[in-house]
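Undergrad: Here it is, the structure in full.
The values are calculated or read from the model by the stated rules, or taken from the named source; none is laboratory data. Here the structure is a predicted model, which means the values were calculated and not measured. Counting neighbours? That spans all protein chains shown, and the Cβs are built from the backbone with ideal geometry, glycine included. Heads up: the accessible areas ignore ligands, DNA and RNA and are worked out on the full protein's heavy atoms, side chains in. Shrake-Rupley method; radii C 1.70, N 1.55, O 1.52, S 1.80 Å.
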Amino acid sequence: QVHLVESGGGLVQPGGSLRLSCAASGSISRGNAMGWYRQAPGKQRELVATITSGGSTNSADSVKGRFTISRDNAKNTVYLQMNSLKPEDTAVYYCWYSPYLGGNFWGQGTQVTVSS
């Protein structure tokens, strides 16, 4: 079992920045991927960005150039630096973990609200 704990959400003005963190604990596989998804009210959950334990990244077109994903393998922690935030970035952000052998684990979610 894997437990994910997110932190760093909140209220920010348009153009502002936030940094999300997610620490994984439990049965962590050496080979895995971690990342972030988000879900806005009335919409489906969508991919924001992912990163493998080898450092390969993938991100949604809507956040490229504004969001940066990184990780610290020693701490089993993934980060999402969000810059130039827009109102349309408002959503609940979920941390995701998946070992290469299969399975998906989710955090409880953290609210990000971009509003003036």
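Undergrad: Looking at the range 15-28, which of the residues that are in a strand (DSSP E or B) and at pLDDT 95 or above is surrounded by the most Cβ atoms within 10 Å (Cβ to Cβ)?
TA: Of the range 15-28, the ones in a strand (DSSP E or B) are 18-26.
Next, only the ones that are at pLDDT 95 or above stay: 18-24.
Numbers: L18: 21, R19: 14, L20: 23, S21: 17, C22: 25, A23: 16, A24: 21.
For the range 15-28, the residue satisfying everything is C22.
Undergrad: From the residues in the range 29-44 that are open to solvent by 50 Å² or more (accessible area, probe 1.4 Å) and not in a strand (DSSP E or B), which one is nearest to D72 (Cα to Cα)?
TA: R30
Undergrad: Please go through the range 66-87 and give me each residue that is among the hydrophobic types (A, V, I, L, M, F, W, C), without any contact (Cβ under 8 Å) to a residue 60 or more places away in the chain and either touching a strand residue (DSSP E or B) at 6+ places or on another chain (Cβ under 6 Å) or under 19 Å from L18 (Cβ atoms) (or both), ordered by number. Step through it out loud before you land on a result.
TA: The first filter runs over the range 66-87 and keeps only residues among the hydrophobic types (A, V, I, L, M, F, W, C), leaving 67, 69, 74, 78, 80, 82, 85.
With the extra rule that they be without any contact (Cβ under 8 Å) to a residue 60 or more places away in the chain, the set shrinks to 67, 69, 74, 78.
Scanning the range 66-87 gives F67, I69, V78.
Undergrad: Give the range 76-93 a look and list any residue that's crowded, with 20+ Cβ neighbours inside 10 Å, touching a Ser or Thr at 6+ places or on another chain (Cβ under 8 Å) and closer than 12 Å to Y37 by Cα, or say none.
TA: L80, Y93
Undergrad: Return the pair list, or none, for Cβ contacts closer than 6 Å from residues in the range 47-65 that are in a strand (DSSP E or B) to residues that are open to solvent by 40 Å² or more (accessible area, probe 1.4 Å) and of a type outside the set (F, W, Y), at least 6 apart or on different chains.
TA: Filtered contacts from the range 47-65: T50/N58; I51/T57; I51/R71.
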